[in-house]
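Engineer: I'd like to ask some things about the structure below.
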Protein chains: 2
Amino acid sequence: MTRAMHFDEIEYGRRQTKVRQAMAARGIDLLVVSDPCNLYYLSGYDAWSFYVPQVLLLGIEDRPVWIGRAMDAAGAAITTRLPADDIRAYGDEYVQSATRHPVDFIVEEIKARGWRSARIGLEIGNYYLGARAYLAFADAFASDKIVDASLLVNWVRSVKSPAELDYMRQAARIVEGAMQAAYDIIRPGVRECDAAAEIYRALIGGTAEYGGNYASSPPLMPSGDQVHTPHLSWTDQPYRPGAQVNLELVASRHRYHTPLGRSVLLGEASPEMRRLEAALCDGIEAALAFIRPGVTAAEIDATWQAAAGRHGIQKAARCGYSIGIAYPPTFGEQTISIRPGDQTVMQPGMTLHLMPAVWLGSESLVMTEPFVVTDEGAECLCRFPRRLEVIR
Amino acid sequence: MTRAMHFDEIEYGRRQTKVRQAMAARGIDLLVVSDPCNLYYLSGYDAWSFYVPQVLLLGIEDRPVWIGRAMDAAGAAITTRLPADDIRAYGDEYVQSATRHPVDFIVEEIKARGWRSARIGLEIGNYYLGARAYLAFADAFASDKIVDASLLVNWVRSVKSPAELDYMRQAARIVEGAMQAAYDIIRPGVRECDAAAEIYRALIGGTAEYGGNYASSPPLMPSGDQVHTPHLSWTDQPYRPGAQVNLELVASRHRYHTPLGRSVLLGEASPEMRRLEAALCDGIEAALAFIRPGVTAAEIDATWQAAAGRHGIQKAARCGYSIGIAYPPTFGEQTISIRPGDQTVMQPGMTLHLMPAVWLGSESLVMTEPFVVTDEGAECLCRFPRRLEVIR
């Protein structure tokens with residue numbers, strides 16, 4: 001059986017060590033990793049199977065153990081280096097059953113492996129630890145033995161290794177190609193769904209050297225009556241002359257996600273739109289020039305706000321967040337937010353999405369830059385013209 | 001502002017009435033709907049925003065209230081018929097914050113609307129009611145006031161209206177086109193990612209009459225070393241002569257999902273593969289001929305097992321499940337399973353995915369049929385040749 005690993009053993013060892021250090025600092029003996037991003041990060045396990053409960057048990061000094069559904073055990077053998085003994089599977093009778101829950105199986109496994117009275121960290125605030133699964137854990141272990149380990153692994157993930165940055169840069173090449181595909185297809189008379197189809201093709205086909213994979217999120221590309229809302233989908237309608245399209249695309253390369261946002265206008269830009277464009281460009285430029293190791297996320301936000309504010313533009317929502325490994329439903333890492341009050345200090349290897357798009361009710365503009373913090377400053381992951389694209 | 005509704009007001013009213021009847025039978029005064037499928041079903045709300053907490057409050061006799069993130073309120077106004085007063089939004093300071101949780105806002109809204117001592121139904125076992133959100137509800141209300149309302153709406157959804165069936169049939173047309181696109185592109189030397197790109201293009205571009213939308217799940221199409229595992233993704237590698245590809249595709253039309261599974265072989269079929277093919281075809285045929293209102297899911301399973309068993313084939317996992325509205329991470333409705341012990345009685349309008357694919361370790365074959373239960377029997381949603389496709 002061929003192993004499909006994306007990183008070498010040294011890298012996985014380093015990741016596990018860092019997570020164990022964070023566990024030790026919190027007095028956690030056993031971390032029950034249920035967030036699929038964190039399973040992938042720590043073991044390489046990568047499959048569309050997170051709709052059923054699956055965990056990696058990471059003891060403070062034991063070999064990690066994967067537990068999932070029987071039909072996914074072969075996938076675990078292919079995508080991880082875990083020995084067969086450390087891949088444990090529950091039968092299909094546990095799946096979506098009214099009488100059994102996979103966590104019952106997981107709990108038995110935890111107890112059988114000697115962790116009966118361990119202090120157990122659960123990813124309570126992460127995706128995919130559902131309320132029912134939590135209640136099954138809470139039922140099985142004393143409440144003073146359960147520790148909230150939400151985002152513990154996510155914070156370790158926030159600083160990327162050179163190998164991880166390589167994948168982020170490959171995803172950047174793919175998302176640039178997809179944005180260009182969008183520019184090439186979006187014209188009056190073309191159906192929105194046909195533009196979406198071409199964008200998907202570019203995101204998945206990737207480049208001649210490497211392909212893309214499914215991303216955590218679909219292309220967001222509202223237009224027409226929906227253009228000033230951020231999260232609605234495309235329609236069957238053809239683009240109309242003069243229409244605006246706000247494109248938020250994201251490419252995935254070995255689960256590393258690089259997003260890119262731009263707005264396209266099928267007609268003349270109003271003075272108001274040009275003002276928005278100038279505000280966003282100046283804000284992005286000022287923020288990127290300011291970023292370096294040692295500054296905080298809140299200071300980046302303030303720098304953006306000051307530059308955009310000179311054009312009379314403010315943004316109520318956060319204007320960026322950390323990015324990296326993702327599965328649905330989001331490519332945000334849920335750790336760092338570029339907004340007032342976030343005192344996270346920038347470190348080399350952090351990757352964020354500077355995302356100062358604005359929706360002002362009657363006007364909106366999307367213009368974003370994913371970047372990595374380097375030893376000296378910020379490096380944009382994408383190289384794509386930073387302007388409101390006007391197509392006539 | 002244009003409203004983008006997919007059903008008329010009468011249909012939404014009927015759905016709400018059915019859910020209120022189920023609430024009354026359980027003594028539930030207020031249902032907190034957090035599953036995005038159920039928000040869509042009951043209100044029409046449809047956006048890629050379920051990565052933050054959002055709910056529909058459905059009181060036993062009150063107008064429904066949508067609560068979500070501020071930037072999504074405009075999307076709620078477009079995709080639902082809720083009056084502005086019944087669309088309530090929390091600010092971005094609640095999003096992924098260490099000090100606030102959106103459920104705090106939701107709880108205040110529930111109390112302010114007079115439901116302080118109501119019996120509250122929570123979708124504890126559904127996706128997207130995370131452990132942290134649950135704990136915030138549990139903290140705010142007396143434990144004897146919280147009722148487990150998991151899958152309550154899902155069960156109402158299990159019988160489709162004619163309008164819903166129309167969308168399932170449209171999705172069937174789209175997924176047939178995508179399967180044909182797969183047959184057309186998969187050849188030795190073509191990269192798996194390029195085949196995936198064409199499949200996506202067909203799923204999203206749809207037909208000349210209507211487009212597709214993002215589905216709950218990516219195309220699953222393992223090949224090469226991964227072919228005998230169900231949930232791994234495509235790779236960058238070219239297909240090799242003789243390779244097998246197991247295609248599990250799913251199309252979405254206005255969130256209604258119709259899946260279709262087939263296997264492709266780039267070379268000669270072994271006698272063993274032909275035996276598998278005969279077993280699956282006979283099993284499907286026998287099951288479809290057996291299905292009619294009044295029979296149970298378990299009886300369908302037994303019928304399939306008996307027919308396939310005559311070829312020496314058995315399947316440990318369930319061989320089907322109900323389908324309909326979906327968002328990631330799955331297009332299964334989580335209610336009916338075609339397997340031993342499931343005593344659900346078939347009713348006209350139920351839609352299921354007969355999915356007797358088998359993974360036997362060294363051999364596997366995918367062959368599936370989505371169907372609707374009619375007054376007289378079962379109608380296949382797709383019309384696509386039911387055979388192991390051999391491409392030379």
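The values are calculated or read from the model by the stated rules, or taken from the named source; none is laboratory data. Bear in mind that the values here come from a model prediction, so they are computed numbers and not experimental data. Note: ideal-geometry Cβ built from the backbone for every residue, glycine included; neighbour counts use all protein chains shown. In case anyone asks, the SASA skips ligands and DNA or RNA and just uses the protein heavy atoms, side chains included. Shrake-Rupley method; radii C 1.70, N 1.55, O 1.52, S 1.80 Å.
Engineer: Looking at segment A:191-213, I want the residues that are farther than 13 Å from B:E192 by Cα and have a partner that is assigned to a helix (DSSP H, G or I) and hydroxyl-bearing (S, T, Y) with Cβ atoms under 7 Å, at least 6 apart or on another chain. Which pairs are those?
Structural biologist: From segment A:191-213, the pairs are A:Y200/B:Y200.
Engineer: I'm checking my understanding of the structure. Among residues of segment A:131-156 that are open to solvent by 20 Å² or more (accessible area, probe 1.4 Å) and assigned to a strand (DSSP E or B), which one is farthest from A:A326 (Cα to Cα)?
Structural biologist: Only one residue tops the list, namely A:I146.
Per-residue answers, yes or no, for (1) over 17 Å from the mean Cα position of the chain (by Cα); (2) modelled with pLDDT of 95 or more; (3) in the same structural domain as B:Y256 (by TED's automatic domain parsing); (4) closer than 30 Å to A:Q226 by Cβ:
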| site | (1), (2), (3), (4) |
| --- | --- |
| B:D29 | yes, yes, no, no |
| B:D35 | no, yes, no, yes |
| B:Y41 | no, yes, no, yes |
| B:V55 | yes, yes, no, yes |
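Engineer: Here's another thing I want to ask about it. With the requirement that a residue be within 20 Å of A:E248 (Cα to Cα) and buried (at least 24 other Cβ atoms within 10 Å of the Cβ), what does segment A:305-320 give you?
Structural biologist: Matches in segment A:305-320: A:C319, A:G320.
Engineer: Related question: Can you name the residue in segment A:77-129 that is among the β-branched types (V, I, T) and assigned to a helix (DSSP H, G or I) and is also farthest from the other protein chains (Cβ to nearest Cβ) among such residues?
Structural biologist: Out of the qualifying residues, it is A:I110.
For every residue, the table says whether it meets (1) within 14 Å of chain B (Cβ to nearest Cβ); (2) in contact with a Cys (Cβ under 9 Å, 6 or more places away or on another chain).
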residue	(1), (2)
A:D225	yes, no
A:D236	yes, yes
A:R253	yes, no
A:S263	no, no
A:A269	no, no
A:E277	no, no
A:E285	no, no
A:P293	no, no
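Engineer: Could you list, in sequence order, all residues of segment A:200-221 that are more than 24 Å from A:E333 (Cβ to Cβ) and more than 8 Å from chain B (Cβ to nearest Cβ)?
Structural biologist: Across segment A:200-221, the qualifying residues are A:T207, A:A208, A:E209.
Engineer: Among the residues of segment A:1-45, which ones are open to solvent by 30 Å² or more (accessible area, probe 1.4 Å) and among the β-branched types (V, I, T)?
Structural biologist: Result: A:T2, A:I10, A:T17.
Engineer: Also: Report yes if A:R240 is under 24 Å from the mean Cα position of the chain (by Cα), more than 9 Å from chain B (Cβ to nearest Cβ) and among the basic types (K, R), otherwise no.
Structural biologist: When the stated conditions are applied, A:R240 does not pass them.
Conditions tested, residue by residue: (1) at pLDDT 95 or above; (2) exposed (fewer than 15 other Cβ atoms within 10 Å of the Cβ); (3) in contact with a Pro (Cβ under 8 Å, 6 or more places away or on another chain).
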position: B:E61; (1), (2), (3): no, yes, no
position: B:M71; (1), (2), (3): no, no, yes
position: B:A74; (1), (2), (3): no, no, no
position: B:A89; (1), (2), (3): yes, no, no
position: B:Y94; (1), (2), (3): no, no, yes
position: B:T99; (1), (2), (3): no, yes, no
position: B:I106; (1), (2), (3): yes, no, yes
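Engineer: Right, another one. Can you find a residue that is within 21 Å of B:F50 (Cβ to Cβ), among the aromatic types (F, W, Y) and touching a residue at least 24 places away in the same chain (Cβ under 8 Å) anywhere in segment A:214-223?
Structural biologist: Checking segment A:214-223: at least one residue is within 21 Å of B:F50 (Cβ to Cβ), among the aromatic types (F, W, Y) and touching a residue at least 24 places away in the same chain (Cβ under 8 Å).
Engineer: Can you tell me which residues in segment A:186-202 are of a type outside the set (F, W, Y) and open to solvent by less than 30 Å² (accessible area, probe 1.4 Å)?
Structural biologist: Residues satisfying the conditions are A:I186, A:E192, A:C193, A:A195, A:A196, A:A197, A:I199, A:A202.
Engineer: Of all residues in segment B:204-218, which are surrounded by fewer than 23 Cβ atoms within 10 Å (Cβ to Cβ) and either in contact with an Asp or Glu (Cβ under 7 Å, 6 or more places away or on another chain) or outside the structural domain of B:Y183 (by TED's automatic domain parsing) (or both)?
Structural biologist: Result: B:Y210, single match.
Engineer: If I go through segment B:154-199 residue by residue, how many of them are among the hydroxyl-bearing types (S, T, Y) and within 14 Å of chain A (Cβ to nearest Cβ)?
Structural biologist: Of the residues in segment B:154-199, 2 are among the hydroxyl-bearing types (S, T, Y) and within 14 Å of chain A (Cβ to nearest Cβ).
Engineer: Sticking with this one: Select, from A:F331, A:F384, the only residue that is of a type in the set (A, V, I, L, M, F, W, C), open to solvent by 10 Å² or more (accessible area, probe 1.4 Å) and in contact with a Ser or Thr (Cβ under 8 Å, 6 or more places away or on another chain).
Structural biologist: The unique qualifying residue is A:F331.
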